Every structure is written in C-alpha cells, then in structure tokens.
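Presented below is the structure to which this report refers.
The values are calculated or read from the model by the stated rules, or taken from the named source; none is laboratory data. Please read these numbers as outputs of a predicted model, since none were measured by experiment. In this analysis, Cβ positions are derived from the backbone assuming ideal geometry, glycine residues included, and neighbour counts consider all displayed protein chains.
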Amino acid sequence: MSNQDKYLKISNDRERYFYSSYISKTLNIPLMKVHSQSEKELNQAIKNKLEDTTERMRFIREAKDEFSCKVIQNEEFDWIKSNERCTFFILYYINHYLTNKKIFAINNHRYRGMHRTSEYERIDYPTPLGEYEYRKQGLSQSPNNAKDALNNIMYFFDLLGSSIEKKKEVLAYLKRKWMLIKDTNYLSWIDERNPMQMKWAKNYIARSSLFSRWSRSEVYTFASERVQLMGCFDVSLDISADSKELLIIKMKKAWSQENYRTQIVEKKVLNTYLDKGVKDKLSRLAKQNRMKINEYLTYLIEKEDE
C-alpha cells in the first residue's frame, strides 16, 4: 500500500476545482470557498470524514476515476484559445444564456445511442431548470484576464453535473453558436488606434436602446475595448441582423458628422472675392497637388511665411 493510494494528489487548478466540488458533494461537506482549498486541506477534509484507511483509499480511487471519465481534455477547447472575442462570447453565453433548461434541451445525435433510458435522463441534467449553472458554481463573474476567462469556461464544464457525453454535446453546441457569428464584423470601420473614435462608439452604443445587455458586457474587462464593442453585437442574440445593420448605418452617419465637426472646430470661414480666371487657376493648382482649395491656400501662405 503506497502513500499515493492514501493521498489525493492535485497537480493543477482543473483538478483542484473538480476534486473540491466532488468532495463537497459526495461527502456532504459544506466547504467554504470551495475552489480555494489547497491539496492539504482537501485531503484533511477526506480524512476527517473517512477515518478508515481502506474506505479513504476507495474514495480517492473513485474520485480519480470520476475525473478521468468526466473531464473534457484541454485540446478540445483549442478553438477558443488565443481568440479573445470567442472567449468573450462563450463566457458571456454560459453566464447569461445557458440555463439548465437549455442544457437539458441540447441534443447531439452523435451521443444519443449512449444514453436512452429515462433513468439517465433524470440524473444527467442539473436542476432546477431555470437556474444558470455557471453562477451556481461560484465562478468569477469578472475574470482578470483572457487566460482566467478561458480557465473559467473549462472549470464550468468540469463542475457541470453531467456525463462526459452531455458535456461534449454542450461544448459542440456552443461552438456552433460561435461559428454562426465569427465572420461577422459590424465594426470593421472603427479604428482601435483612434481613442476618440473608440470612446465615441462606446458612448453611442451605451445610449442606444437596442442593446439592453451592454452594461452586463462591461464586467468583462479582460477583453480589449474593441472586443467589448464587438461583444455587444455578438451577445445580443435576440436582436435581428437587420436591426444591427440599421444601427451601424446610423452610427456611421453620426460619426461622419462628429468627425467633420471636430475637424472644423479650429477653422474660420474666409469670405473673399477672386476673379474667375484666378479661381480657375487656384482650383487647377490645388488639384495638381492633390489638395482641397483650402488646404492649398494654407500651404501657399505657410510657405510664403517661412
């Protein structure tokens, strides 16, 4: 009998989150701040509940088997990694759209033959149906960075009280949702290097009655400002594409007006009279130099004043 058989070894946060939840549920231990429990604390909790060494070894073996059978491998989340916009969308979706009722309804026929019994259906879905499982799991509502956000997505699946088949169904469902929107870029005309335009766009969208979910998306400060703006369109699934397109048309028009006002704010109107021949020469010279008339006049005056 080795110490390894009597001790639950934890090598990463996914294992820690999973085992914390498993121990709490299986041994009926109300662990406070369950996800911050250390390896030593978790093993002590097992020992306090199961004093018999043989029984404790059996429990640890079953916990390891449960982890092996119910945790989706890291590689299956590769389509989310290194894509901040995708991470934003998936995290927001499971936090604000994915109720237990929706999880129950997700059906991928690839796995249907594996669990047809009514007994399975009763035990494979989290309840009550109206709750959001992500929130119930106690995961952070506002991750610090994109890596933490991705980890939270994986933790969500690890802690989901369903079979590995159902978890894969849910992950495939989320991927399909993402694929439907990933190539849509409503804000291609926004220059993220222009802080004034970015601030203006954010304020414009915030004032729009079309996006009632905007204030919620702001909690995802791990994402860049551009991704947050894009996310506002991405997560508003109840708003039609036509309505979004109409808003963009209005935004572009409003920005053109705003940009024009900004450009002329320091300029003064000059009223003067020129002979028609001189005016024609001025127009021709400005055109030759690829300038507007006011730009060419400014150029001539500045050059003369050097």
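Among residues belonging to the range 258-279 that are at pLDDT 85 or above and closer than 17 Å to residue 298 by Cα, point out the one that is surrounded by the most Cβ atoms within 10 Å (Cβ to Cβ). Selected residue: 279. So is residue 62 surrounded by 14 or more Cβ atoms within 10 Å (Cβ to Cβ), at pLDDT 90 or above and of a type in the set (Asp, Glu) or not? When the stated conditions are applied, residue 62 does not pass them. Only one of these conditions is not met by residue 112: (1) in contact with a Lys or Arg (Cβ under 8 Å, 6 or more places away or on another chain); (2) modelled with pLDDT under 85; (3) basic (Lys, Arg). Which number is it? Residue 112 satisfies every listed condition except (1).
Every residue in the range 37-78 that is without any contact (Cβ under 8 Å) to a residue 60 or more places away in the chain and not in a helix (DSSP H, G or I), please. Passing the criteria: 37, 38, 50, 51, 52, 73, 78. Residue-level analysis places residue 298 outside the set of residues that are more than 45 Å from the chain's Cα centre (by Cα) and part of a loop (DSSP other than H, G, I, E, B). For the range 173-187, give me each residue that is assigned to a loop (DSSP other than H, G, I, E, B), over 17 Å from residue 259 (Cα atoms) and of a type outside the set (Asp, Glu). Across the range 173-187, the qualifying residues are 182, 184, 185, 186.
When restricted to residues that are part of a helix (DSSP H, G or I) and among the polar types (S, T, N, Q), the range 81-103 contains 3.
Inside the range 185-205, residues that are exposed (fewer than 14 other Cβ atoms within 10 Å of the Cβ) and either among the β-branched types (Val, Ile, Thr) or under 13 Å from residue 225 (Cα atoms) (or both) make up a count of 7. Checked against (1) β-branched (Val, Ile, Thr); (2) assigned to a helix (DSSP H, G or I); (3) modelled with pLDDT under 90, residue 29 passes all but condition (2). Put simply, of 234, 242, 238 the only residue that is surrounded by 17 or more Cβ atoms within 10 Å (Cβ to Cβ) and of a type in the set (D, E, K, R) is 234. If the condition is being surrounded by 16 or more Cβ atoms within 10 Å (Cβ to Cβ) and of a type outside the set (S, T, N, Q), then the range 43-56 contributes 45, 46, 50, 56.
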